[in-house]
Structure formats: structure tokens, C-alpha cells
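Below: one structure, written as C-alpha cells.
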Amino acid sequence: MNDTIAAIATPYGQGGIGIIKISGPLSLSIASTIFRKSNQRNSIFESHRFYFGNVFNPGTNQILDDALLVYMKSPNSYTKEDVIEIQVHSGTFILKNILELVISMGARIAEAGEFTKRAFLNGRIDLTQAEAVIDIINANSSAALNCAMSQLKGEFKVLIKTIKEKLFIILTLINAAIDFPEIEEDLPDITNTQKILESDIIFSLNQLIIQHERFYHLKDGFVVVIIGIPNVGKSSLLNSIVNKDRAIISEIPGTTRDFIEESLNICGIPVIITDTAGLCKTNNSVEAIGIKKSYEYLDKADLVLFVTDASICFTKEEIDLCKHLQGKDVFLVLNKFDLVKEPFLVNIPDNLISLHTLKTSALHNQGIGALIKSIEEHIKYRYDFEIKNPIIPNLRHKLILEKCVNNLFSAIECIKNKEPFEVISIDIKETIELFDEILGIKVNNDTLAAIFDRFCIGK
């Protein structure tokens, strides 16, 4: 990390302020070359002080824009390197010109998440805190933001380190017993060790796993997937729910061939509503890809809106589709009910009668409020979102924590079977190494790439 990176740290487009961020050993040199202070005689920059002036091209002496510049001297910066931030008027053209000027001075374009990655690699934050940064950026509810801030402040890190230290003490005693078996008074109390593993450490880990399972929707969103055969009004229903023309609608069956996602905030959590391609048999290769994607989204759904055309009988394809709904929370949405004459009677198949059924007319925006209310009530009934502990592990953490629990149960079995200390120590040592993986002390490049690829370029 001896090179210098730069990126536009604000979204592209016209706005009030655009920021170019530079980090690395050439930062101050570049700033001194392209920035001229206003009404000041020297080019010395004090750390953590804003300066007003001009960004200019030193080759032509052309002024590019008025600017504010702040210098953050290493190690007191986001990356623990020398950092420069230049604030100019926001606009794609001006920001691009200034970035190109910075690159010509010896910097390179930053990779996705590279500023935060450097903060992690330089020891300013651990990996759990780095992951919290992207959660803060993506948070679209106050609850999600509070959880992310808790993790950024290091509360999850402290908890993991505390559990790790307890395990390390146990491992130290076991290793001492292995190295000095003749000193009986220093042998660990195996009965007490088992009790600590079961009632303290494993209990704490299971509580974290439960926290993820109960509250991961706050971070990842509650996924609602709209499915059905072609031309039953799925896209119209999506447009009505989100109250805008998000999906193209047409009388021609199969208009939607890819998934379309929109978000709502219901019960204080993000709800991701996905419109999918109509499910049917097809010889069209493009349509077939869309149908395959629809089934993939169906598998991930927390709630399925199974949409049918109320004006016609259930088709064989719809009845066959029911087998894919097993084990899912499903609402049966009878759309186009404006086409049905009263009394409103629909011959619902026996295996669908027990489903929560709603009548809608997406065309006339009827029944949509009741549908949204039903989704809200379902979320409240299905999930308890009263958070007492803001520490919510993400999926990566949860999978590692499950491995930790399995290892410690294995260690307990070894204790019960009176296995040698050498055998018991293996599972405990592996668990400590898994904690290091959570914190980023020991982590492979593929894991790092998967985490930081989720970031935008300027972060």
C-alpha cells in the first residue's frame, strides 16, 4: 500500500458539493501542486484545517473551480494515511476533470471500498467495523442504522474478543497440562471447563446466532416476491404497491423477462418487493432465463404474493406451481376482480383454500391498501422487531459462529469421553482461529474481496 489512490467520493450528477478523496504518500504533494490558497502566501497545510482557494491545472494555469481543501495527516485520518479531501461544485464534468488531474500527478483510481479496506489493513478498524460501514451506507431504517452504528463503535468486536479471551485461558491451561503432565495441581478442572463451555461460551454464541435469525431483515430487508403465470397483472400490482410506474405493463403475455426490485419501509424495516417473469412453459431462450430467475427468487422469498386472474379459472400451470410454494409464507392475490360480476365467486383449489386471500384490481388501484396492510400485519406477527440488543451479526458472522458452536460441542464430547488433552485442544484452537476470521486477524483474500466489492468506489 505504498501507492496513492483517489476517487470521487460523492454520487455522480449535479448537486451542491462534490468531493474528491486522495489517500497515500503523494496526497500532500498533489494537493500542493494543484491547489492555490486564497489570500495566503505559503503553501503549507496544517492537519485538520479547511482552506479556501482554487483548484488549477499547473500545466496551463487554468482555474478549474473554487474549492475547499482539508488535509488529514497520518495516522489521524480515515485510512491512517495522509488524506486530502477537495470539495468543489458538484457536476460530472468538473469532478471528472479534477480526478484526471490528480491521476496525472501520480495517483491511481481507487478500487471499490479501497479507502475502508486501507483503514482495516492499517489497523484503524477491524473487519466487523469495516462491514458496518457498508451497513450504514445501505441502512434505510432507523433500526438498521442503530445496529450498524453499534457494530461500527466496536460493540460486536468487544463481545467476540471477550469470548475469545475466555477460550484462550482454557486453551492455555490445557496446553500447560500437555507440556507439564507431572504437575497435577496445575491440571485444568475438566468438569468446570465443560460447564464454562456449555453455560457461558456456547450460550453466548447461540444468542448471537438467534439475534441474526430474528433481526437480519433489518439489515438485508424483508423479501416479498410476486409470482404467477403471464398476464395476470404482476407488474401492474408492483406499480400500484410502490405507487409509481416501475414496471412496463402490456396486454402481451410475458412482458417481464427479468426481475424488477423496489423498496418500501414497512414496520420500520426495508421491504424489498420483486416482480418476476411469468412462470410457464416456453421455447423462448430469453424467456426461459427469466423463468429460471423467478424460481431462484421464489426460493429466497420471505413472503410470496401468488397472483392470479380472478376473471378466469385456475389453470393447470397455476395448480402445478403450487408445489413450489411448499413451506413458504404465501398470500393468494386474486387480481383483476373488477372484471368479475357480483357475487364474487372464485373456484380456489383445495390446496390453496387455507391461504390468506386478497382481492385486488391493480388497474383501478383497488385493494392495494388492504394488501400493504396485510403485509405489515404479517411482518409484525411473524417477526418480533423489538430490539433490546443492537448487536446483530451478519450472515458471514452467523455461519462462522455456527462452526464455533459445532467445534465446542465436539470438544465437550471429547471431555465426556475422557479423551487426551491434545485432542480436546484441537477443537478449541480451531474455534479461536474462527474468531480471528470474524475479526479479520486471519482472513483470506477471497473473503476480503467479497466484503469490499460491495462498497462504492469512493468509500
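The values are calculated or read from the model by the stated rules, or taken from the named source; none is laboratory data. From a predicted model like this one, the values you see are computed outputs, not experimental measurements. Here the Cβ is made from the backbone with ideal geometry for all residues, glycine too, and neighbour counts use every protein chain on show. Accessible surface areas use protein heavy atoms only, side chains included; no ligands, DNA or RNA. Shrake-Rupley method; radii C 1.70, N 1.55, O 1.52, S 1.80 Å.
What the table shows:
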| item | result |
| --- | --- |
| Matching residues in the stretch 34-66 - criterion: being small (G, A, S) and either touching a Gly at 6+ places or on another chain (Cβ under 6 Å) or closer than 24 Å to V133 by Cβ (or both) | S38, S47 |
| Some residue of the stretch 82-97 being in a strand (DSSP E or B), acidic (D, E) and modelled with pLDDT of 95 or more | yes |
| Filter result for the condition that a residue is in contact with a Leu (Cβ under 9 Å, 6 or more places away or on another chain), surrounded by 15 or more Cβ atoms within 10 Å (Cβ to Cβ), assigned to a strand (DSSP E or B) and among the aromatic types (F, W, Y), over F45, F56, F52 | F56 |
| Scope the stretch 395-408; condition of a type in the set (A, V, I, L, M, F, W, C) and closer than 15 Å to L171 by Cα; matching residues | C404, L408 |
| Single match in S374, S410 (criterion: hydroxyl-bearing (S, T, Y) and more than 24 Å from I226 (Cα to Cα)) | S410 |
| Single match in I441, I428, I424 (criterion: out of contact with any Ser or Thr (no Cβ under 7 Å at 6 or more places or on another chain), farther than 25 Å from L264 by Cα, surrounded by fewer than 17 Cβ atoms within 10 Å (Cβ to Cβ) and modelled with pLDDT of 85 or more) | I441 |
| Matching helices (runs of 4 or more DSSP H) fully within the stretch 101-158 where at least 1 residues are β-branched (V, I, T) and either touching a Gly at 6+ places or on another chain (Cβ under 8 Å) or open to solvent by 10 Å² or more (accessible area, probe 1.4 Å) (or both) | 127-138 |
| Condition check for E287: touching a Lys or Arg at 6+ places or on another chain (Cβ under 9 Å), assigned to a helix (DSSP H, G or I), modelled with pLDDT under 85 and surrounded by fewer than 15 Cβ atoms within 10 Å (Cβ to Cβ) | no |
| Positions within the stretch 15-34 being open to solvent by 10 Å² or more (accessible area, probe 1.4 Å) and in contact (Cβ under 8 Å) with a residue 24 or more places away in the chain, in sequence order | G15, G16, I17, I19, K21, P25, L26, L28, S29, T33 |
| Every residue from the stretch 321-345 that is surrounded by fewer than 12 Cβ atoms within 10 Å (Cβ to Cβ) and on the phi < 0 side of the Ramachandran plot | K323, Q326, K341, E342, P343, F344, L345 |
| Single residue of L408, L395 found to be open to solvent by 90 Å² or more (accessible area, probe 1.4 Å), in contact (Cβ under 8 Å) with a residue 40 or more places away in the chain and of a type in the set (A, V, I, L, M) | L395 |
| Residue ID - surrounded by the most Cβ atoms within 10 Å (Cβ to Cβ), chosen from residues in the stretch 217-235 that are out of contact with any helix residue (DSSP H, G or I) (no Cβ under 7 Å at 6 or more places or on another chain) and not β-branched (V, I, T) | K234 |
